[in-house]
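These notes concern the structure reproduced below.
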Amino acid sequence: MVRPHLLVLNKMDLANMQYHQSIEEALKTGGVKKVFYTSCTENIDTTIKHKILPAVTELVTSVDRFNRSEAEDYSVLVIGIPNVGKSSLINALRRMHLKKGGKATPVGAHPGVTRSVMEKIRVSDKPKVYVYDTPGIMLPHIPNMDVGMKLALCGTLQDHLVGSLTIADYMLFLLNKFSYFKYVQHFGLNEPTDDIHSLLSHIAKQHNLILKTRSLSGGYVYRTNFKRASDIVLQDFRAGCLGKVNLDADMIAARCSDRNVSDASFTFSNEPVSP
């Protein structure tokens, strides 16, 4: 039996929302009835403040609660893959509905911050709602290399498992493929490039990222710190500094083409289209 559930797509401030209608149609085909877009970086996100808890209340009251039928409070479990902002969502709900500052559950920019199911956290008094934070859950099998690299690029996998330089190279490939060229201006390049070592060398020069190692002859060898430069590239990408991006744009376009969606015209630009 599948518990009543909502799908929350967080970090919408980093996504190109041009494709939200096609995404919702595909999700509804798969049986997902309620989809919410949120951004926990905003001080007041209207979806978090006005839509999520009423939807939770509606779901809980519409089904048999069995032994909790007389209970006045609601318990909600927040689950998802690593590093999608589960803890941030809980803190945002608590901040907006209880006017509580601070962080009831720890957050971080890398996966694995939440290690176990936390104590229940009160996020609302009217209605009384308690939330459980959980560690990120990954599928036991990643279907193909492309999916795995996209997960790594989003920070769902820890960088050292794939390699920062490899992830940065894949990022550059996708940005060029979809004509997202904001990185050219951001990193001060003269033109787009498909050479990751050229890009990283340029960034290393800007930040003076040089590795100094002793040679066998007793002198010193100076090398470009590609690892640190790769970290800077990935950090800027994940912060949205290189533009609002949808990594599955080609897949969405292909799906719409297969279904002969008449209003599906896809253009790739650095400017987001409002939903």
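The values are calculated or read from the model by the stated rules, or taken from the named source; none is laboratory data. If you're wondering where the values come from, they're calculated on a predicted model, not measured in any experiment. Here Cβ is always computed from backbone atoms with ideal geometry, including for glycine, and neighbour counts include all displayed protein chains. The accessibility values were calculated without ligands, DNA or RNA, using every heavy atom of the protein model including side chains. Shrake-Rupley method; radii C 1.70, N 1.55, O 1.52, S 1.80 Å.
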Check: Among the listed residues MET17, MET12, which satisfies the condition of being within 20 Å of MET251 (Cα to Cα) and surrounded by 18 or more Cβ atoms within 10 Å (Cβ to Cβ)?
Finding: MET12
Item checked: Verdict on ILE203 being under 22 Å from LYS11 (Cα atoms), in a helix (DSSP H, G or I), of a type in the set (A, V, I, L, M, F, W, C) and out of contact with any Pro (no Cβ under 6 Å at 6 or more places or on another chain) -> no
Next item on the list: Just name the residue that is most open to solvent (accessible area, probe 1.4 Å) out of those in the range 47-101 that are modelled with pLDDT of 85 or more and of a type in the set (S, T, N, Q).
Entry: SER75
Check: Looking at (1) at negative phi; (2) open to solvent by less than 70 Å² (accessible area, probe 1.4 Å); (3) assigned to a loop (DSSP other than H, G, I, E, B); (4) not charged (D, E, K, R), can you tell me which one ILE44 breaks?
Finding: (2)
Item checked: Within the range 206-244, tally of residues that are open to solvent by less than 60 Å² (accessible area, probe 1.4 Å) and part of a strand (DSSP E or B) -> 3
Notebook entry, point to check: Has the range 266-274 got at least one residue that is at pLDDT 90 or above and among the β-branched types (Val, Ile, Thr)?
Noted result: no
Check: Taking the range 1-44 as the region of interest, how many residues are within 28 Å of ARG94 (Cα to Cα) and hydroxyl-bearing (Ser, Thr, Tyr)?
Finding: 4
Check: Of all the residues that make up the range 47-90, how many are out of contact with any Gly (no Cβ under 8 Å at 6 or more places or on another chain) and outside any loop (DSSP other than H, G, I, E, B)?
Finding: 26
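To keep it simple, each residue is scored yes or no on (1) of a type outside the set (Asp, Glu); (2) more than 24 Å from the chain's Cα centre (by Cα); (3) modelled with pLDDT under 95.
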site: LEU172; (1), (2), (3): yes, no, no
site: THR193; (1), (2), (3): yes, yes, no
site: VAL221; (1), (2), (3): yes, yes, yes
site: ARG228; (1), (2), (3): yes, no, no
site: VAL233; (1), (2), (3): yes, no, no
site: ASP236; (1), (2), (3): no, no, no
site: ALA239; (1), (2), (3): yes, no, yes
Notebook entry, point to check: When you look at LEU161, is it in contact (Cβ under 8 Å) with a residue 40 or more places away in the chain and among the hydrophobic types (A, V, I, L, M, F, W, C), yes or no?
Noted result: no
